[in-house]
């Protein structure tokens, strides 16, 4: 069995739409109040491989054990797509994610040739 890829950090993408926009902002504020981590832009458009509007939460392995259970219990019904960053974008998004809520199809064409 091959050694696993080294994980540099993680991205949690919190998905929302026009109807859940206020909820998404509330969850974002709560994340910022509870964790000292990097918050990405609040995208009210499709970005990258993501099938819904989203914002990104970037965090290191040292925060995983605290943040991930918090997201599980405090996502307020929003879908969260969480993946590691190993430098292998296709596998990070296709093979190694954690979904909280609805599993949605990603547009992985941008990662063709990575795997």
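Quick notes
- Dmax and Rg, reported as Rg then Dmax, of the chain (C-alpha, Å): 13.9, 46
- The Cα atoms of the range 55-115 give a gyration tensor whose axes a ≥ b ≥ c have a/c of 1.5 or more with a/b no greater than b/c, which makes the shape oblate.
- Relative contact order of the chain, pairs being alpha-carbon contacts under 8 Å that are 6 or more residues apart, as %: 33 percent
- Stokes-Einstein D in µm²/s, Kirkwood radius over Cα pairs - the range 3-44 at 20 °C with 1.002 mPa s viscosity: 176 µm²/s
- Entry note, the chain: the mean residue ellipticity at 222 nm calculated from DSSP H runs of n ≥ 4, each adding -39500 (n - 2.57), is -9000 deg cm²/dmol after division by the residues and rounding to the nearest 500.
Just so you know, all these numbers are worked out from the coordinates, no wet-lab data involved. Just so it is clear, the structure is predicted and the values come from calculations on it, not from any experiment.
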